[in-house]
């Protein structure tokens, strides 16, 4: 390769720190091991959102890619383990269900297990669908262990993720990235220089007067969208007509009792409250719609529902649910909140950072920024956002609550055609219709459909040709899960033994 034909990216500038900036920096430093300068600029005076403390299982793949030891990671982030999410009062007041990581049982026939459960229910069996989830068998008992590697064992039928302090995770990744050559610059960006003809970003200038130049720029500046929005003027699609919550107030409280190995989401009058157990505290927040409750009343509601003493004042956020028209424009890629925002109902915020990084590495450009690559990145990213959006809207749409204006609005609102198709197929035949790049698979959709009362009118027509009575299998499956769960130690004991944080509350 001659010097004139060398189109390699030689310099990358990441604008913004936090989880998005340092996850990006760590992944790039791990992958681009030579001949590429990576710079990150952040200001200690600009706070990060820092409430994304719950994750989904793919985060494990990200950490493994970086070679981060799980025990060290959980200890340093004062984290805990997560088997899924318990939803309270979503379908109706007093209703609870569990969205597990992993399937409900194991398929034993060509027809899915839930069809056998539906037939047993039709015959009078009152066993909850949750009872066929190994994750829930453990979670409801406050127990945790890693899954068995033996696929013949019922203990292999669950997965897990983490709860952690997002600020501590960013600190861990900063140390990782800087040890691999990433150079951090402290300061606020005061101006952006663009090429006069192409509009490509050429440099960002800090308050100190230092200009950072680069070939590729990553916008991790949060809701502001300093590069993608302010400089390049990429538009934003507003989805609040489908996801009406537009504000959140977060507040940590003292840890009370042993940590539960799951997140809890409780539907409230004008939104929902999260509860996330960490080793040293419990994370709490109220995501709400400002049309239906004042900021003061939302904060008061959150305070009234804390487990223990508040450990800090409220962190208040305003947001517009939606996404950028383009995630990659010219030589700027938006990752994290600068690319869009989907409320943290299913813990997807950190995953969307990870997904953006993965796509960037899979479609890494040269300095000519071939539109073929850019267009493919934008197609995948927009589709991912829309599929996750539909899954979140499902929770709101499948409510029968009519006790407050928010829930009456959600029950009657129009929804995307892509979601309506899925609801209709499941309501009629209990079938899950998959689409390209669905992050959440059939087990997740089953949990929410059934948990919130979208019970199919009929089973798969193939069922009646099978001639199988699955009630005996279901009974044995439930018994095996209970017996296995009873053999496992508590989540708190597992953390204390394997990954306790220094100074954490046991």
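So the label point goes 7 Å from the Cα of residue 256 along Cα→C-beta, right? Which residues of the range 289-305 then have their backbone N under 17 Å from it?
Output list for this probe position: 300-305.
Determine the gain in length on full extension of the stretch residue 325-residue 400; use 0.36 nm per residue of separation and subtract their C-alpha separation, reporting nm with one decimal.
23.7 nm
Report the Rg/Rh value for the range 201-256, based on alpha-carbon coordinates and the Kirkwood definition of Rh.
Rounded to two decimals, Rg/Rh equals 1.17.
Based only on other Cβ atoms within 10 Å, what is the fewest-to-most ordering of 256, 488, 333?
Fewest-to-most ranking of 256, 488, 333: 256, 488, 333.
Cβ neighbours within 10 Å, averaged per peptide: list 115-127, 79-91 in order, most packed at the top.
Packing order, densest peptide first, comes out as 79-91, 115-127.
I need the peptides 151-160, 404-413 ranked by packing, meaning the mean over residues of other C-beta atoms within 10 angstrom, with the highest value on top.
Highest-to-lowest ranking by the protection proxy: 151-160, 404-413.
With the cut-off at 1.5 for a/c, could you classify the range 214-292 from its C-alpha gyration tensor as rounded, prolate or oblate?
oblate
What shape does the range 97-239 have by the C-alpha gyration tensor, where a ≥ b ≥ c are the square roots of the eigenvalues, rounded means a/c under 1.5, and otherwise prolate means a/b greater than b/c and oblate the rest?
Verdict is prolate for the range 97-239.
Round to the nearest 10 and give me the degree value, 0 to 90, for the angle of helix 417-429's Cα axis relative to the longest principal axis of the chain.
20 degrees
Which order do 473, 97 fall in if you start with the one that has the fewest other Cβ atoms within 10 Å?
Final ranking by Cβ density, sparse to dense: 473, 97.
Can you tell me what percent of all Cα-Cα pairs in the range 51-140 are more than 19 Å apart?
That fraction is 57 percent.
So how many Å³ per residue does the convex hull of the Cα atoms of the range 208-353 work out to?
Cα convex hull per residue, to the nearest whole number: 153 Å³.
Tell me what the chain gives for mean residue ellipticity at 222 nm when only DSSP H runs of n ≥ 4 count, each as -39,500 (n - 2.57), the sum divided by the residue total, rounded to 500 deg cm²/dmol.
-10500 deg cm²/dmol
Given labels modelled 7 Å from the Cα in the Cβ direction, how far is it in nm from residue 483 to residue 310?
So the label points at residue 483 and residue 310 sit 5.0 nm apart.
Along Cα→Cβ, 7 Å out, is where each label goes; now give me the distance between the ones at residue 35 and residue 224 in nm to one decimal.
Here the modelled spin labels are 3.5 nm apart.
From the Cα gyration tensor of the range 349-506, with a ≥ b ≥ c the square roots of its eigenvalues, which class applies: rounded if a/c is under 1.5, or else prolate if a/b is larger than b/c, or else oblate?
Note, shape of the range 349-506 comes out oblate.
Measure off 7 Å from each Cα along the Cα-to-Cβ vector at residue 383 and residue 468, then give the distance between these two points in nanometres to one decimal.
3.2 nm
At 0.36 nm per residue, minus the direct Cα-Cα distance, what do residue 156 and residue 96 gain on full extension? Give it in nm, one decimal, please.
19.1 nm
Taking 0.36 nm per residue of sequence separation and subtracting the Cα-Cα distance, how much length would be gained by fully extending the chain between residue 11 and residue 198, in nm to one decimal?
Length difference between fully extended and current span is 65.5 nm.
Considering only the chain, what is the antiparallel percent among its DSSP beta bridges, to the nearest 5?
Within the chain, antiparallel bridges account for around 70 percent of the total.
May I ask you to derive the relative contact order of the chain, considering only C-alpha pairs under 8 Å and at least 6 residues apart, and to give it as an integer percent?
With pairs under 8 Å counted, the relative contact order is 23 percent.
May I ask you to work out the translational diffusion coefficient for the chain at 4 °C, viscosity 1.567 mPa s, via Stokes-Einstein with Rh from the Kirkwood sum over Cα pairs, reported in whole µm²/s?
After rounding, the answer is 54 µm²/s.
Every number here is computed from the coordinates shown, using simple stated rules; none is lab data. Worth saying up front: this structure is predicted, and the values here are computed from it rather than measured. All Cβ positions, glycine included, derive from the backbone under ideal geometry; neighbour counts span all protein chains shown.
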